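First the structure, in the form of structure tokens, and then the observations on it.
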Amino acid sequence: MRRLIPALAIALLLTLPPASAAPLDAGWRADVPAAQLCGQGDFRVIGFLIYTAQMWRACDAANPGAPFAAPFALKLIYHRHISRARLVQSSLDEITRMAVHPIDAAALQQWRLAMQRAFVGVAPGDSIVGVFLPGEGARFYADGRLTATVDDPAFAKRFFGIWLDRGTRAPDLRRQLLGRASS
């Protein structure tokens, strides 16, 4: 019996999270306190599932097409291994492709550096959450940990435009994220 009590105490301690452990989504949820899952969809390339995207915001049935009017979180849950460098370059390529006018080289370099701070290489099951803050910029979280704050509203609008702008490469995903059947 004497041996059983210490063994049970150790087993119990091993199953409890550390006192400082925060829920995985606690950080970005504080940035968007009224967040609800308003839309979700998968992004595929040549049939291969790359990630599942989720739009978290205060769902507004009266105005579902105005995502940039209020804070929101875009959560990407990855299904493939992708390096940080690839995530950064793909994002820059899309931002550049969607630009109506050429973007200043200095701005692109600042945005590259910001994304290098914000992103991590991902493996299946990993997530990156980007939070859009109107008039302020964006915050990024990798698996619940704050990785970067980017105080640049122009960057934030262009970055999240990759998914939410009418010129996105994935219009069906855009509709799903906005919670609509058609654009």
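Bear in mind these aren't lab numbers, they're just calculated from the coordinates by the rules spelled out. Nothing here was measured: the structure is a model prediction, and the numbers come from that model. Neighbour counts run over all protein chains shown; Cβ positions are idealised from the backbone, glycine included.
Karplus-based coupling profile of region 43-50, in residue order and whole Hz: 10, 10, 10, 6, x, 8, 6, 9, with θ = phi - 60° in 6.51 cos²θ - 1.76 cosθ + 1.60 and x standing for Gly or Pro.
Please report 166, 84 as a ranked list, fewest other C-beta atoms within 10 angstrom at the top and most at the bottom.
Working: 166 10, 84 16.
So the residues, fewest neighbours to most, are 166, 84.
For region 22-177, the alpha-carbon radius of gyration amounts to 0.97 times the rule-of-thumb value 2.2 N^0.38 Å expected for a compact globular protein.
With a ≥ b ≥ c taken as the square roots of the eigenvalues of the C-alpha gyration tensor of region 121-183, please select rounded if a/c is under 1.5 and otherwise prolate if a/b is larger than b/c or oblate if it is not? If you can, show how the numbers build up before the last one.
Values: a/c = 2.37, a/b = 1.27, b/c = 1.86.
Taking the square roots of the gyration eigenvalues as a ≥ b ≥ c, region 121-183 is oblate.
Under 5 Å from the amide H of residue 148 lie the amide H atoms of 140, each residue being 5 or more positions distant or on a separate chain, with H modelled from the backbone and absent for Pro and chain starts.
Of 94, 136, how do they rank once you tally other Cβ atoms within 10 Å and put the fewest first?
On the way: 94 19, 136 15.
Result, fewest neighbours first: 136, 94.
Ordering 141, 78 by the number of other Cβ atoms within 10 Å of each residue's own Cβ, fewest first, gives 78, 141. Using θ = phi - 60° in the Karplus curve 6.51 cos²θ - 1.76 cosθ + 1.60, the 3J(HN,Hα) couplings for region 114-130 round to 4, 5, 5, 6, 6, 9, 10, x, 10, 10, x, x, 6, 9, 10, 10, x Hz; x is entered for Gly and Pro. Can you give the FRET efficiency for residue 42 and residue 98, using 1/(1 + (r/R0)^6), R0 = 25 Å, r = Cβ-Cβ distance, to the nearest 0.05? Approximately 0.75, to the nearest 0.05.
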